[in-house]
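The structure appears below as structure tokens.
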Amino acid sequence: CYRKGTHLLLTVAKQFKHIPLKVIGEGPYKRVLQQQVAEYNLKNVELLGYKPVNELIGIVSKALLVVIPSLWYEVAGLTIYEAFALGKCVLASDIGGIPEIVKDGINGILFQPGDEQDLLEKIVYLLNNSHKIKELGRNGFKMINEHNNPASHYQTLVSIYNGVIDKHKSG
């Protein structure tokens, strides 16, 4: 879909015709993306469509990094959490709730939404710094395991409930 920014990623992919790019997901702009792939002669791009979880995990686990070029105000994309759980570096638009999860230079890299040049520069940076890709992926994996687990969720809920109880007692 246009709001997902996939067309932007395909435009940038013209600069990297030697690097395989797998686009996962289904939407109303599939035909437009197919036309764009053909127009740019992107033999390195596969539009995979929807994939069930077991296939998705297999594909993402083999990826160098995960790119989320969203143009709209996503709250918290599940794709980011899935990528972090697999230890993958995330390159994502600095929009909506994304920067609350992807901390620029810590567990991923952010680029300005819709900015083709910024996306291109960040991809070049990561490709030239493979050690950084690995470091950011490790940090994302660490974050997801420390902050997004059942014990952490339970502690957060208990804190909220205790705050409500204390406020009720004093009020």
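The values are calculated or read from the model by the stated rules, or taken from the named source; none is laboratory data. Computed from a predicted structure; not experimentally measured. We place every Cβ from the backbone using ideal geometry, glycine too, and count neighbours over all the protein chains shown. For accessibility, only protein heavy atoms count, side chains too; no ligands or nucleic acids. Shrake-Rupley method; radii C 1.70, N 1.55, O 1.52, S 1.80 Å.
Per residue, the average separation of C-alpha pairs within less than 8 Å and at least 6 apart gives the stretch 1-89 a relative contact order of 36 percent. Taking all protein chains together and a 1.4 Å probe, the residues LYS142, LYS51, LYS169 rank LYS169, LYS142, LYS51 from largest to smallest accessible area. When Rg and the Kirkwood radius Rh are both evaluated on Cα atoms of the chain, their ratio Rg/Rh stands at 1.06. Axis angle, to the nearest 10 degrees, between helix 30-39 and the longest C-alpha principal axis of the chain: 40 degrees. Applying 1/(1 + (r/R0)^6) with r as the Cβ-Cβ distance of TYR29 and LYS169 and R0 = 45 angstrom yields a FRET efficiency of 0.25. Among the trypsin sites (Lys or Arg not before Pro) in the stretch 19-57, those placed in a DSSP loop whose Cβ has at most 10 other Cβ atoms within 10 Å are LYS43. Between ILE57 and ILE106, the distance separating the two model label sites (each 7 Å from Cα on the Cα→Cβ line) works out to 2.8 nm. For the chain, a crude dipole built from +1 on the beta carbon of Lys and Arg and -1 on the beta carbon of Asp and Glu, taken about the Cα centre, is about 360 debye to the nearest 20. Measuring between their Cα centroids, the stretch 2-59 and the stretch 94-110 lie 22 Å from each other.
Of the solvent-accessible surface of the chain, computed with a 1.4 Å probe over protein heavy atoms with every protein chain present, carbon and sulfur atoms account for 56 percent. Counted residue by residue at 0.36 nm each, then reduced by the alpha carbon distance between them, the extension gain from GLU116 to GLU135 reaches 4.4 nm. Its Cα centre serving as origin, the stretch 1-68 has a Cβ charge dipole (Lys and Arg +1, Asp and Glu -1) of approximately 80 debye.
Normalised by residue number, the volume inside the convex hull of the Cα atoms of the stretch 72-140 is 66 Å³ per residue. Normalised per residue, the accessible area of the chain is 61 Å², obtained with a 1.4 Å probe and no contribution from ligands, DNA or RNA. Only one residue of ALA13, GLY108, ALA92 has its Cα farthest out toward the positive end of the dipole of the chain, where Lys and Arg carry +1 and Asp and Glu -1 on Cβ, and that residue is ALA13.
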